[in-house]
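The numbers here are math on the coordinates, done by the rules we state, and not lab data. Here the structure is a predicted model, which is why all the values come from computation and not from measurement. Neighbour counts are summed over all protein chains in view; Cβ atoms, including those assigned to glycine, are modelled from backbone coordinates with ideal geometry.
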């Protein structure tokens with residue numbers, strides 16, 4: 001037999017999974033509803049992703065080496081990367097996603113432009129799942145209803161995952177990311193050549209941060225919040241536009257985007273022979289709101305587990321086999337998620353704590369620790385003396401900002 005796997009969703013998670021499966025000779029179907037999808041996200045990727053996922057230079061719009069953290073009182077702290085060969089990659093999601101999807105297809109994944117509506121479950125461990133979908137490549141705007149039988153299903157279809165609903169994966173809280181792409185006059189764009197800005201304050205986000213990130217020929221200006229009603233999101237976006245007004249003067253909005261972002265992993269990420277990855281699984285980090293690298297990595301780890309336990313596609317993996325992917329994932333990244341969750345709870349709860357947070361970012365030890373863990377995805381333990389210094393500075397910042405008051 002040849003194992004048949006359907007990957008639903010072709011963002012970084014789905015495409016990375018499909019690539020691994022196709023390379024192993026497994027019959028892989030990559031189903032994507034919108035082939036031109038441009039997800040509204042900051043689009044920042046860590047340096048390790050460029051090498052680990054073999055991304056060519058043209059995928060990266062900008063190499064950011066300088067960042068400004070801007071506090072509620074508009075105190076600016078500069079964070080600069082010291083090593084010349086280090087940078088944070090800025091990319092447009094339509095470019096990155098398109099590249100990863102096409103690479104998976106070139107390696108043998110069968111790309112289907114379709115919307116999945118329903119999943120029929122098997123009655124035993126050998127029977128296939130039946131996917132009901134509407135094929136958009138035929139039949140004009142209506143599309144054509146079709147079915148596909150597969151042995152395994154990977155849900156990589158984002159925060160509103162249809163696969164998660166079908167498998168009853170349980171709900172999670174989600175935030176909303178709202179973003180405007182703004183084309184700036186040349187002199188204004190020059191300022192953002194290799195610079196990204198992060199703003200904190202109740203006026204720009206009550207529980208997160210706002211950003212100005214440079215792209216190929218424009219900047220992405222956005223905010224994230226768990227207050228998911230339209231009025232508050234518009235008010236917060238107006239807040240970031242006001243705070244950055246001088247730098248954005250003369251800019252022209254070329255696109256407005258909004259999208260849900262999961263706040264924590266779903267209660268169930270593997271059910272039967274169905275596994276969730278990326279946003280569908282809830283793998284966006286607190287504090288930084290980062291999801292691209294973790295999505296791609298979860299897709300790769302899930303697919304590698306399938307290749308391993310299917311013995312290269314010659315047997316059907318069980319639920320217990322698929323759960324090995326979860327154990328490996330939680331062992332590798334569980335601590336990272338917990339630490340960032342705590343940081344968000346401590347530092348994003350009031351303007352006083354945000355002031356303390358920005359003050360702390362001015363410290364070079366803090367900057368090094370933060371960048372090492374972000375760029376290379378290894379929580380690099382500082383030596384004990386440095387760790388003590390950072391702890392003392394953190395407490396000092398919180399006291400000075402009167403942030404320890406309940």
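What to note about this one:
- Scattering from the range 69-130 was approximated by placing one identical point on each alpha carbon and applying the Debye formula without solvent; log10 I(q)/I(0) at 0.28 1/Å stands at -1.10.
- By the compact-protein rule of thumb, 2.2 N^0.38 Å, the alpha-carbon radius of gyration of the range 104-246 corresponds to a ratio of 1.48.
- Order of 361, 41 under a 10 Å beta carbon neighbour criterion, fewest first: 361, 41
- Going from the fewest other Cβ atoms within 10 Å to the most, the residues 53, 174 appear in the order 174, 53.
- Between the helical axis of 93-106 and the longest alpha-carbon principal axis of the chain there is an angle of about 30 degrees.
- Fraction of the pair-distance distribution of the range 199-298 above 20 Å, Cα-Cα pairs, percent: 48
- Contact order relative to length of the range 98-213, as percent, for alpha carbon pairs under 8 angstrom and 6 or more apart: 14
- Between 0 and 90°, nearest 10: helix 292-309 axis offset from the chain longest Cα axis: 30
- Averaging the sequence gap over all C-alpha pairs within less than 8 Å and six or more residues apart, then dividing by the number of residues, gives the chain a relative contact order of 21 percent.
- The range 269-355: radius of gyration over Cα atoms, expressed as a fraction of 2.2 N^0.38 Å: 1.35
- The chain - convex hull of the alpha-carbon atoms, volume per residue in Å³: 147
- With contributions of -39500 (n - 2.57) from each DSSP H run of at least four residues, the per-residue ellipticity at 222 nm computed over the chain stands at -11500 deg cm²/dmol.
- Rounded to 5, percent antiparallel among DSSP beta bridges of the chain: 70
- A full extension of the chain between residue 335 and residue 75 corresponds to an added length of 90.5 nm, given 0.36 nm per residue minus the alpha carbon distance.
- The angle between the Cα long axis of helix 364-376 and the longest principal axis of the Cα atoms of the chain comes to about 10 degrees, rounded to the nearest 10.
- Cα principal axis extents for the range 99-163, largest first, Å: 36, 29, 25
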